[in-house]
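Here's the structure we're looking at; comments come further down.
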Amino acid sequence: MALRSTTRTAAQAEVVSRAVTPGATAEAGCQGNGAEAADSNNRRCAAGEGIEVLQEKWVLHIVHALLDGPKGFNELGREVGGCNPTTLTQRLARLEALGVIHKDVSPHANPRCSYTLTEAGLGLERVIAAIRSWAASHLRNG
C-alpha cells in the first residue's frame, strides 16, 4: 500500500484523533450505513479510518516497541525485526505526521534521532493489550 501525502486536513486530523483517543466510540463520526456508506468513499467512520492507519504493515509493531520507552532508529529496527530501513523510515514519518509518535533529533555533531509515543500513541496501549488478550485466548502457540 502506497503512503498518501502526510499533509492532513482538519477533518482528517479529527478522525485520527478520535480513533486513538480514549473514550471515543467505534461508531463516532459514522455517517450512513450499509449500501449508502459503501456508495461514497467520503463517508468513512472513525473506526474505518483508524483501521486504515493501524493495518499498515509494521505500524502496530512500531507502537508496541515504543510502549517500552524512547528508542533510536537502529534500536527500533532491531526490536521490530524484519522491517527494512526504507519501510521503517516511511512508517515513522507517517506516524509522526499523524501525531502518534514524536521524533527528537539531538543537536550534536553526529545527530541522533529518538522516537517516543505521543499522548495519541500511548492511547494505543489499550489496542495492543486487547490484541495480546485476544491472541492468548484464540491462537495456539506452535
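Do you know which residues across region 98-141 are hydrophobic (A, V, I, L, M, F, W, C), under 18 Å from G72 (Cα atoms) and at pLDDT 95 or above? Can you show your working first?
Taking region 98-141 first, the residues hydrophobic (A, V, I, L, M, F, W, C) are 98, 100-101, 105, 109, 113, 117, 120, 122, 124, 127-131, 134-136, 139.
Next cut, under 18 Å from G72 (Cα atoms) only: 100-101, 105, 109, 113, 117, 122.
V100, I101, L117, L122, listed by residue number.
For region 98-142: of the residues being assigned to a loop (DSSP other than H, G, I, E, B) and touching a strand residue (DSSP E or B) at 6+ places or on another chain (Cβ under 8 Å), which is surrounded by the most Cβ atoms within 10 Å (Cβ to Cβ)? Spell out the reasoning first.
First, the residues of region 98-142 that are assigned to a loop (DSSP other than H, G, I, E, B): 98-100, 106-112, 118, 123-124, 139-142.
Retained after the next criterion (residues that are touching a strand residue (DSSP E or B) at 6+ places or on another chain (Cβ under 8 Å)): 100, 106, 111-112, 118, 124.
Details: V100: 25, S106: 11, P111: 8, R112: 12, T118: 16, L124: 21.
Restricting to residues being assigned to a loop (DSSP other than H, G, I, E, B) and touching a strand residue (DSSP E or B) at 6+ places or on another chain (Cβ under 8 Å), the top hit is V100.
In region 72-119, what residues are charged (D, E, K, R) and within 17 Å of the chain's Cα centre (by Cα)? Reasoning before the result, please.
First, the residues of region 72-119 that are charged (D, E, K, R): 75, 78-79, 91, 94, 96, 103-104, 112, 119.
Within region 72-119, E79, R91, R94, E96, K103, E119 meet the criteria.
I'd like the full set of residues that are modelled with pLDDT of 95 or more, surrounded by 16 or more Cβ atoms within 10 Å (Cβ to Cβ) and aliphatic (A, V, I, L, M), limited to region 77-97.
L88, L92, L95, A97
Given the criteria touching a strand residue (DSSP E or B) at 6+ places or on another chain (Cβ under 8 Å), in a helix (DSSP H, G or I) and modelled with pLDDT of 90 or more, does L60 qualify?
Values: touching a strand residue (DSSP E or B) at 6+ places or on another chain (Cβ under 8 Å): no; in a helix (DSSP H, G or I): yes; modelled with pLDDT of 90 or more: yes.
When the stated conditions are applied, L60 does not pass them.
Scan A13, A38 and give me the residue that is over 20 Å from L124 (Cα atoms), of a type in the set (A, V, I, L, M), exposed (fewer than 15 other Cβ atoms within 10 Å of the Cβ) and modelled with pLDDT under 95. Outline the logic, then answer.
Details: A13 fails: over 20 Å from L124 (Cα atoms).
So the residue among A13, A38 that is over 20 Å from L124 (Cα atoms), of a type in the set (A, V, I, L, M), exposed (fewer than 15 other Cβ atoms within 10 Å of the Cβ) and modelled with pLDDT under 95 is A38.
Could you tell me how many of the residues in region 63-106 are under 14 Å from L124 (Cβ atoms) and free of Cβ contacts under 8 Å to residues at least 12 places away in the same chain?
1
The values are calculated or read from the model by the stated rules, or taken from the named source; none is laboratory data. On a predicted model such as this, the values are computed, not experimentally measured, just so you know. No Cβ is skipped: glycine too gets one built from the backbone with ideal geometry, and neighbour counts run over all protein chains shown.
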